[in-house]
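Engineer: This is the structure I have questions about; it appears just below.
The values are calculated or read from the model by the stated rules, or taken from the named source; none is laboratory data. A quick note: this is a predicted structure, and the numbers were derived from the prediction, not measured. Heads up, the Cβs are rebuilt from the backbone with ideal geometry, glycines too, and the neighbour counts pull from every protein chain shown.
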Amino acid sequence: MHVAPTKFLCGLGALIVALGAAIGLVLRATAELRAEVNAARAQRAELRDAQGRRDALECAQSAPATVAQVERDVAALASARAELATARGEFQRVSLAAMRRESPVDPPARPAPSRADPAALLQSVVRAVADGEAEELAALIDLDEAARAEAEALLAELPGDVRAEYASVEHLVASVMVAKTDGHLADARVDAIMPLNSDESTARTTLVRAGGGTRTATFRLRQTTDGWRLRVPLRVIEGYRALVTGVVRRPAG
């Protein structure tokens, strides 16, 4: 079918006008939708800001009460710790006082202590223990690195006035040893010496009681530049620490 050019142009013009109108509507709708989206985003941002200001205000209002409670808790904890430290110090003071043995007012004549050989050393140890001579015993004993560290920890735990009573960790150890060891020993006979290394040996010994009777014991001895000394092992120091402080330390792991 043949269409006249004039009619075709008229129809095309009408189509273009209609299409333009439709595009205009779409553009206006898109612009309105974009405006609504931007408005919604702005409202959400304002809402977040308002929420943040409200949370900050609530935090600021509650902060003084929270800080005050924390301060009260810290003060209560400090007070409890101080009370515990006082109680521990008093326990240690009483423990050591209960174990202390007083030297006799008129002590009998006794030989001077000697570290010339194992037999002389052990006899000197027995006499010092029997007579309650802690200072003398302190010069006859020896602590290895682990035992010394434990004894130093014990000494450091004591109240200052109690700590000042001991001239050294050996003096503290000897004082507890004198208090806890049988004071009715009269002599020590060395039955056998077994070397362990260049400067240490074990001594199988017969201990003689003042009232009769004997018992055997094995001691570890160390030879130093100024004579023999009795080695006090770590486990003994740990036992002394438990006696004095009332605290038994569990091994790590």
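Each row is one residue, and each column tells you yes or no for (1) buried (at least 16 other Cβ atoms within 10 Å of the Cβ); (2) in contact with a His (Cβ under 8 Å, 6 or more places away or on another chain); (3) modelled with pLDDT of 90 or more; (4) not polar (S, T, N, Q).
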| position | (1), (2), (3), (4) |
| --- | --- |
| Ala98 | no, no, no, yes |
| Pro118 | yes, no, yes, yes |
| Ala130 | yes, yes, no, yes |
| Glu136 | yes, no, yes, yes |
| Ala139 | yes, no, yes, yes |
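Engineer: Sort through Leu196, Leu221 and tell me the only one that's among the hydrophobic types (A, V, I, L, M, F, W, C) and surrounded by 15 or more Cβ atoms within 10 Å (Cβ to Cβ).
Structural biologist: Result of the check over Leu196, Leu221: Leu221.
Engineer: Just checking, which of Ser168, Ser201 is hydroxyl-bearing (Ser, Thr, Tyr) and in contact with a Pro (Cβ under 7 Å, 6 or more places away or on another chain)? Let's see the steps before the verdict.
Structural biologist: On the way: Ser168 fails: in contact with a Pro (Cβ under 7 Å, 6 or more places away or on another chain).
Of the residues listed, the single one that is hydroxyl-bearing (Ser, Thr, Tyr) and in contact with a Pro (Cβ under 7 Å, 6 or more places away or on another chain) is Ser201.
Engineer: Something else: Restricting attention to helices (runs of 4 or more DSSP H) lying wholly within the stretch 135-243, give those where 3 or more residues are within 27 Å of Ala112 (Cβ to Cβ), of a type in the set (Val, Ile, Thr) and under 36 Å from the mean Cα position of the chain (by Cα).
Structural biologist: Output list reads 169-180.
Engineer: Kindly list the number of the only condition in (1) free of Cβ contacts under 8 Å to residues at least 60 places away in the same chain; (2) among the acidic types (Asp, Glu); (3) surrounded by 12 or more Cβ atoms within 10 Å (Cβ to Cβ) that fails for Glu238.
Structural biologist: With (1) free of Cβ contacts under 8 Å to residues at least 60 places away in the same chain; (2) among the acidic types (Asp, Glu); (3) surrounded by 12 or more Cβ atoms within 10 Å (Cβ to Cβ) applied to Glu238, the lone miss is (1).
Engineer: Also, quick follow-up: Given (1) modelled with pLDDT under 75; (2) in the same structural domain as Glu238 (by TED's automatic domain parsing), where does Asp73 come up short, assuming only one miss?
Structural biologist: If we test Asp73 against (1) modelled with pLDDT under 75; (2) in the same structural domain as Glu238 (by TED's automatic domain parsing), just (2) comes out false.
Engineer: Could you list, in sequence order, the residues of the stretch 154-184 that are surrounded by fewer than 14 Cβ atoms within 10 Å (Cβ to Cβ) and either touching a strand residue (DSSP E or B) at 6+ places or on another chain (Cβ under 7 Å) or hydrophobic (A, V, I, L, M, F, W, C) (or both)?
Structural biologist: Matches in the stretch 154-184: Ala156, Ala164, Ala167, His184.
Engineer: Same structure, new question: Here is a list of conditions, (1) out of contact with any Ser or Thr (no Cβ under 6 Å at 6 or more places or on another chain); (2) hydroxyl-bearing (Ser, Thr, Tyr); (3) under 16 Å from Ala120 (Cβ atoms), and Thr225 meets all of them except one; can you say which number that is?
Structural biologist: (3)
Engineer: Quick one: which residue in Thr206, Thr214 is touching a Lys or Arg at 6+ places or on another chain (Cβ under 6 Å) and either surrounded by 18 or more Cβ atoms within 10 Å (Cβ to Cβ) or hydroxyl-bearing (Ser, Thr, Tyr) (or both)?
Structural biologist: Numbers: Thr214 fails: touching a Lys or Arg at 6+ places or on another chain (Cβ under 6 Å).
Step by step, each of Thr206, Thr214 is checked, and only Thr206 is touching a Lys or Arg at 6+ places or on another chain (Cβ under 6 Å) and either surrounded by 18 or more Cβ atoms within 10 Å (Cβ to Cβ) or hydroxyl-bearing (Ser, Thr, Tyr) (or both).
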